[in-house]
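Nothing in this text is a laboratory measurement; each read-out follows from the coordinates by a stated rule. Being a predicted model, the structure only gives us computed values, none of them experimental. So basically every Cβ, Gly included, is an ideal-geometry build from the backbone, and we count neighbours across all protein chains shown.
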């Protein structure tokens, strides 16, 4: 059954998740996706010091930090932790 509220798409329009590929759950992704919000507060503060604009709300901080780490994982694979540590040591703005 087709969704009845489907909006008409413009040619060439990219809708969210059209290109999303969810990889199998592995230990790296468990670490990222399982990051508790109480650990994200200090990380988000560190990222704010480096110019990231993150609202000061626990849920927003957690979402941002997890999203940030997922991008590093997508780009660097199992080396994402090294890149993450490097990004936390970059010179503050």
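Using the basic label-point model (7 angstrom from Cα toward the beta carbon), what is the residue 90 to residue 50 distance in nanometres?
0.6
How far apart, in nm, are the 7 Å Cα→Cβ label points at residue 30 and residue 59?
That separation, rounded to one decimal, is 2.8 nm.
For region 27-89, count all C-alpha to C-alpha pairs, find those more than 15 Å apart, and express that count as a whole percent of the total. Can you show the working numbers first?
Details: 888 of 1953 pairs.
In whole percent, the share of Cα-Cα pairs in region 27-89 beyond 15 Å is 45.
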